[in-house]
Structures are given as structure tokens and as C-alpha cells.
1. Find how many whole Å separate the alpha carbon centroid of segment 26-43 from the alpha carbon centroid of segment 210-224.
2. Arrange the residues Phe155, Phe224, Phe233 by how much accessible surface each exposes, largest first, with a 1.4 angstrom probe.
3. Contour minus end-to-end for Ser26 and Thr78, with contour as 0.36 nm per residue of separation and end-to-end as the Cα-Cα distance?
4. Quick one: if you stick a label point 7 Å off each Cα along the C-beta vector at Leu230 and Thr154, how many nm between them?
5. With contacts defined as alpha carbon pairs under 8 Å and 6 or more residues apart, what's the relative contact order of segment 127-256 in percent?
6. Just subtract the alpha-carbon distance of Val104 and Ile163 from 0.36 nm times their residue separation and send over the number in nm, one decimal.
7. Can you compute the modelled spin-label distance between Thr97 and Arg54, with each label point 7 Å from Cα toward Cβ, in nm?
8. Taking a threshold of 25 Å on the Cα-Cα distance, which of the pairs Lys134/Lys193; Lys193/Lys227; Lys27/Lys195; Lys167/Lys249; Lys167/Lys227; Lys111/Lys189 fall above it?
Amino acid sequence: MKKIFAVLLCALFITACSSTRGNLLSKVEYHDDDVFEREEYHYSSDGELALVTRVIYYNNAPDSSWTEYEIRRNGQTTDTIETINSIKRKIKSSDGTIRSYNLVGDEWKEKSFRKRDEKGGDITENAVLVYDKKGRILSRELYDPDETDDDHPTFITDTYKYIGRGKVIRIESKKEYRDGSYHKEPIRKYKEKYKNGLRTKIVVYMMKDGKFRKHCVNTWKYDFRAKVPLKSFAYSPSDYIIFRRPWQKTIWTYEK
């Protein structure tokens, strides 16, 4: 298998451990039994995650990138600043806001802004989210923030339907501007299953010739007590039904 090699060094300021398992040590993704991506997690002396190294293999062509992290405390909030290759920056604040910037000349220009709400949804300057009485998301509808100009980007929107305990159907649609207005067309469907709040299976369908056709199947295995993933598998429809042979698998390893 031809392989691309890419190295990404990240200092992540999140917790990657649980009370019933040790710290996460590695995450390895295989494609057809060959290693495609390997992540290794490194911790400080007090057990906090300090660094993640990532290597991606594909086509034998080396391509390295790097990410720097900085923590700033501003009164009641804490900002995590991620700078990628000195030209892209993302600032994640403890108040739920996330801002993205690109370096233009010697000045950082804001590219996007969003905020996580108390239910975990995104609130952005160009999106409307609707929840049911149980706090479950029903739809995520994007819109053009300035329909008076000549720039009408294509948007992706989602609708959700809950069909029994632990089962969700999500329809992904494309909103495309043509003939003076936006038109919405479904492009993907996802059938998802959850157990103890964790997704255990997803079946993806693609729109083709006016019908949703099965595209792939993904499954997960967990330590449900610790609520951490152990293995995941991705199948083509025929391999899942006939051979049960995944084309992709991911394995997480933890300290004992």
C-alpha cells in the first residue's frame, strides 16, 4: 500500500483518561490491515495530557505540519490558542466560543465564529438550531447571512428523527443557490444506534438516482463502565453483510 507520511505535533489541553481506566496511550487506524494513522499521547508529571504526536501514512510522500498551543486566562474565562503552521489560528474559550483566523500579511483576520450552547449545540452567525422538549436537536439550518450580495455559498443542513430508544435518523441536505433562490436537496442519510449515550453503529446512505443507497457501515466497541472507545470498524455494505470483514479499523490503548 502506498503511503503518505505526515507528522503533527499537538499539545492538547483536554482530559484523555477515566476513573476506571488509565490514560489513553495510543490510537492506531488501519486500512486493509496496514497502518494508516498513529497517534501517541504524552502526559506531564501530574498526569495532564501535554502532547499528541500524529503520523499519517500515504503515498510515501513526507508532509509535516505542526500545531502550537498557548493558554491565556482572561478574568473568568480561559482561552486555548492553537496556531497551525504559523498561518492558521483557532481560539477556544471556556465560555464556549470558538474563533478561527487566517494570517493575512502580518495581521490575523477572523474567518469564522461559533459558540457552544448549554446543550452542546452550535450557535453561529449564520445558523438556526431547533431542539425538542427533551433538549434533543431536531434541525440545524444554515442560511446566507447576506443574501443581497452576489456571493451565495452552498450550505449543508441536518434534520434529526428519533425512532425509539437509542435510534436516530439524520438527513443531511444541501442548500444551493440557483435561479434567484436557495433550493434544498437531500444528499445523505445516517441511521445511528446508541447505548448508554455512546454511538455503537452508524449506517450511511448516499443519494443516487433519486434514492438513498447504502454506502458504508461503522461500528464501535467500548468499555461502557469507563465510557471510552476500544475498537471501531468500517465496512462496505457487501463486506458487512457477507464477510464481516472491515476495510478500516481503529484501536485505542490505555494504561493498565
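The values are calculated or read from the model by the stated rules, or taken from the named source; none is laboratory data. What you are looking at is a predicted structure, and each value in this text was computed from that prediction instead of being measured. Positions of Cβ are backbone-derived with ideal geometry, glycine not excepted, and every protein chain shown enters the neighbour counts. With ligands, DNA and RNA removed, areas are computed over all heavy atoms of the protein, side chains included. Shrake-Rupley method; radii C 1.70, N 1.55, O 1.52, S 1.80 Å.
1. 21
2. The ordering from most to least exposed comes out as Phe224, Phe233, Phe155.
3. 16.0 nm
4. For Leu230 paired with Thr154, the spin-label model returns 4.2 nm.
5. 11 percent.
6. 16.5 nm
7. With each label placed 7 Å out from Cα toward Cβ, I get 2.6 nm.
8. Violating the 25 Å Cα-Cα cut-off are Lys111/Lys189.
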